[in-house]
Amino acid sequence: MNQTTIKKSIGTTGVGLHTGVTVALNLKPASEDTGYIFVRTDLDNFEIPASVEYISYCSYATTLMRKGVVLSTCEHLLSALRGSGVDNCFIEIDNIELPIMDGSSENFIELIEKAGVIEQDAPRRSLRVLKSVEVVEGDRKMSIAPSEKFEIDCVIDFKHPFINRQCLNYVAENGSFRRQIASARTFGFTQEIEMLRKANLALGGSLENAIVLTPEGMLNEAPLRFDDEFVRHKILDIIGDLALLGMPVQGKVVAEKSGHSVHAQLMTKLLKTEGAWEIVST
Ligand SMILES: [Zn+2]
């Protein structure tokens, strides 16, 4: 299997979930071994590679920073690129935050499909896990272990009648991301949203781009896209965050009540653990 990129440039516009700013997004083809590189077109095309080393902050979203230049909420787009099997892409944006679109990766997948995906000349490389690595933070836990495939076992647990405990096993294989994960939307709780707004976050949030949960139900009138849309979105986030490893992963992830910061800690620990991984051509 060789590396891939998109066939032609394609763009869209949207609003940043946390900053509320309008942003134009352009995806552009990139040569072999480029990986994903964000380009701030409003700042002289300053480049921020999608890489673990540039993770700066991750509580409500994953934010990258290089030399003081920030790029926020990158996980849903990276999830779409990884989930579509695109290896190399320039991601141009003219503001600080990626557009949230409908809160899932669906619009990004449609963009990528519209542009088309082409195979390149160099073989695809993967990061193959050789040894189990685990991080624990209170009742949050995440591990990655050797496996022939890329697989995620995910458990979430929220005291809410629509969620409670949801578990799902995801195996990356042809079309599974598109079918099972891509359209799962982000979600928030009304109490939490008030808090976020006070902290100047979630300014672009609306019922158009998130599931908003009240203590007993939800504000959105349209039904959930899946009964377990919440755990599916968590898997979407994990795939997007793990894309910061710079190549597809061959290993099994087990995540229990994980979040962006736990994902970041696991990646850092994995990369630092001697003999825990190797790069292979696939
Ligand atoms: Zn998310």
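The values are calculated or read from the model by the stated rules, or taken from the named source; none is laboratory data. No experiment lies behind these values; they were computed from the predicted model shown. Cβ atoms come from the backbone with ideal geometry, glycine included; neighbour counts cover every protein chain shown. Heads up: the accessible areas ignore ligands, DNA and RNA and are worked out on the full protein's heavy atoms, side chains in. Shrake-Rupley method; radii C 1.70, N 1.55, O 1.52, S 1.80 Å.
Overview of values
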{"quantity": "S281 vs. criteria within 16 Å of the ligand (Cβ to nearest atom), out of contact with any Cys (no Cβ under 7 Å at 6 or more places or on another chain) and among the small types (G, A, S)", "calculated": "no"}
{"quantity": "Complete set of residues in segment 83-103 that are under 18 Å from K7 (Cβ atoms) and either in a strand (DSSP E or B) or open to solvent by 10 Å² or more (accessible area, probe 1.4 Å) (or both)", "calculated": "G83, S84, G85, D87, N88, C89, F90, I91, E92"}
{"quantity": "Check on Q166, more than 23 Å from the chain's Cα centre (by Cα), assigned to a strand (DSSP E or B), buried (at least 17 other Cβ atoms within 10 Å of the Cβ) and modelled with pLDDT of 95 or more", "calculated": "no"}
{"quantity": "Any chance F90 is under 26 Å from F187 (Cα atoms) and touching a residue at least 24 places away in the same chain (Cβ under 8 Å)", "calculated": "no"}
{"quantity": "Within segment 79-101, tally of residues that are under 14 Å from the mean Cα position of the chain (by Cα) and of a type in the set (D, E)", "calculated": "1"}
{"quantity": "So L25, is it open to solvent by less than 10 Å² (accessible area, probe 1.4 Å), part of a helix (DSSP H, G or I) and either within 16 Å of the ligand (Cβ to nearest atom) or within 30 Å of L196 (Cα to Cα) (or both)", "calculated": "no"}
{"quantity": "Residues of segment 58-82 satisfying the condition of being of a type outside the set (S, T, N, Q), open to solvent by less than 20 Å² (accessible area, probe 1.4 Å) and in a strand (DSSP E or B)", "calculated": "L64, L71"}
{"quantity": "Qualifying residue in segment 225-242 (condition: in contact (Cβ under 8 Å) with a residue 40 or more places away in the chain and open to solvent by 40 Å² or more (accessible area, probe 1.4 Å))", "calculated": "yes"}
{"quantity": "Options A184, A243, A202; residue that is aliphatic (A, V, I, L, M), touching an Asp or Glu at 6+ places or on another chain (Cβ under 7 Å) and either within 14 Å of the ligand (Cβ to nearest atom) or within 13 Å of S79 (Cβ to Cβ) (or both)", "calculated": "A184"}
{"quantity": "Number of the condition not met by I55 [criteria: (1) within 14 Å of the ligand (Cβ to nearest atom); (2) among the aliphatic types (A, V, I, L, M); (3) open to solvent by 30 Å² or more (accessible area, probe 1.4 Å)]", "calculated": "(1)"}
{"quantity": "Single residue of segment 212-240 satisfying the filter (touching a helix residue (DSSP H, G or I) at 6+ places or on another chain (Cβ under 7 Å) and within 12 Å of the ligand (Cβ to nearest atom)) that is nearest to L17 (Cα to Cα)", "calculated": "D237"}
{"quantity": "Residue check for Q191: of a type in the set (S, T, N, Q), away from the ligand (no atom under 15 Å from the Cβ) and in a helix (DSSP H, G or I)", "calculated": "yes"}
{"quantity": "Condition met for G240 (in contact with a Ser or Thr (Cβ under 6 Å, 6 or more places away or on another chain), within 23 Å of Q265 (Cβ to Cβ) and in a helix (DSSP H, G or I))", "calculated": "yes"}
